[in-house]
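Asker: Sharing a structure, written as structure tokens. Questions coming.
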Amino acid sequence: MRLVERSERGRPSPDWAAFHGHAELDYAQGLLYTEAGHHHAAVGFLRAALAHQDRTYGRNRALYRLTLARSLVQADEIDEGAAHAVESLEHLEEVESGRVTRRLKEVTGLLQGVDAVSARDAAARLTEYAELRGAA
């Protein structure tokens, strides 16, 4: 993170840092926390990653939003997680990605295992989308 932020202090960042801006670093940090089971800690980083992600990167926006949805559901923030999962569908129209498809299936499975109206509704919408796209 410090190497990427060097350019903000007048020193050039390494060449590899051109792609790895704030969005990617926030996503990596959020992913680290969520994979370690610290879902509440992951949420802030994943929200920041989504906020910093350029709108032209549809695949990343879809992946980041689905990862945020997964972390929110695992942090027992079911309604918000379900809402983000459904919102991810708008980005999925733009992409064909195995990683995004796997995350979509994962989030759908998590939502199906939760006894809440918002989770059931979101899981049904994600399942319907996957069936229409042939990703089921």
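The values are calculated or read from the model by the stated rules, or taken from the named source; none is laboratory data. The structure displayed is predicted, hence computed values, not measured ones. No Cβ is skipped: glycine too gets one built from the backbone with ideal geometry, and neighbour counts run over all protein chains shown. Please note that ligands, DNA and RNA were not included when accessible areas were found on the heavy atoms of the full protein model with its side chains. Shrake-Rupley method; radii C 1.70, N 1.55, O 1.52, S 1.80 Å.
Asker: Given a 1.4 Å probe, how much area per residue of the range 84-125 is accessible, in Å²? Before the final figure, lay out the partial values.
Answerer: On the way: 2330 Å² over 42 residues.
The answer is 55 Å² per residue.
Asker: Rank these residues by their accessible area, most exposed first, probe 1.4 Å: ASP121, ASP76, ASP115, ASP26.
Answerer: ASP115, ASP76, ASP121, ASP26
Asker: Suppose the chain between ARG120 and GLU93 were pulled fully straight at 0.36 nm per residue; how much longer would it get relative to their current alpha carbon spacing?
Answerer: Gain in length upon complete extension: 7.5 nm.
Asker: Over all distinct Cα pairs, what is the inverse of the mean 1/r for the range 47-136, reported as the Kirkwood hydrodynamic radius in Å?
Answerer: 12.6
Asker: Which whole-Hz couplings ³J(HN,Hα) result when phi for each residue of the range 70-78 is put into the Karplus expression 6.51 cos²θ - 1.76 cosθ + 1.60, θ = phi - 60°, listed in order with x for Gly and Pro?
Answerer: My calculation for the range 70-78 gives 4, 5, 5, 4, 5, 8, 6, 9, 5 Hz in order.
Asker: Another question, then. Note down the nm distance, to one decimal, between modelled labels 7 Å out along Cα→Cβ at HIS22 and at ARG102.
Answerer: 3.0
Asker: OK, next. Within a Cβ distance under 14 Å of ILE78, other residues only, what is the Lys/Arg minus Asp/Glu net charge?
Answerer: Every neighbour counted, the sum reads -4.
Asker: Right, next: Testing the spin-label approximation: label points 7 Å from Cα along Cα→Cβ at ARG55 and ARG133. State their distance in nm.
Answerer: 2.0
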